[in-house]
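The values are calculated or read from the model by the stated rules, or taken from the named source; none is laboratory data. These numbers were taken from a predicted model, which means no experiment stands behind them. Don't worry about glycine lacking a Cβ; one is built from the backbone with ideal geometry, like all the others, and counts go over all protein chains shown.
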Amino acid sequence: MNAETDLSGDHPAARPATIRFLTPEEGGRITPARSGVRPQLALDDSFTSCIVEAIGSGDLPAGVQVDVRIRLLFPWMEQEFCRLRIVRLYEGNKLVATGEFGDQQVDDHEPSEQPG
């Protein structure tokens, strides 16, 4: 396990992802997001606050896929966060970005492959 997804210690987990902010025409944000934006991350049946940090540039333009790091604000959601594969970011009830996590996390519901 690397430092970005280390669940021990006091720092909430962070994971790399590739996301795309929706354009205003698609119902997304009117103003472009910047690195450090704090939307709500959709979990299986709830939401939690997170920080979206741009990797490279500080801009998160609408309609363009960008590489980011998504960091939880609250550590008690880490287990569910680490199982997610799909990113859905909201501001209020408005979906503002979608994408996928870029790391390989273990899903407790998938059988592991046994060497034969």
Pairs, please: C-beta under 9 Å, at least 6 apart or cross-chain, first residue in contact (Cβ under 8 Å) with a residue 24 or more places away in the chain and in segment 78-91, second aromatic (F, W, Y) and not in a helix (DSSP H, G or I)?
L84/F101; V87/F101; L89/F21; Y90/F47
Got at least one residue in segment 12-19 being surrounded by 11 or more Cβ atoms within 10 Å (Cβ to Cβ), modelled with pLDDT under 95 and among the aliphatic types (A, V, I, L, M)?
yes
Among the residues of segment 22-35, is there at least one that is among the β-branched types (V, I, T), buried (at least 17 other Cβ atoms within 10 Å of the Cβ) and out of contact with any Pro (no Cβ under 6 Å at 6 or more places or on another chain)?
no
If you go through segment 20-48 one residue at a time, how many are under 14 Å from R88 (Cβ atoms) and within 17 Å of the chain's Cα centre (by Cα)?
14
Pairs only if they're at least six apart or on different chains, beta carbon under 6 angstrom, first in segment 38-50 and over 13 Å from V87 (Cβ atoms), second modelled with pLDDT under 95 and surrounded by 12 or more Cβ atoms within 10 Å (Cβ to Cβ); list them, first residue then second.
S49/L73
Looking at V64, V68, can you tell me which residue is loosely packed, with under 13 Cβ neighbours inside 10 Å and either out of contact with any Phe, Trp or Tyr (no Cβ under 7 Å at 6 or more places or on another chain) or modelled with pLDDT of 95 or more (or both)?
V64
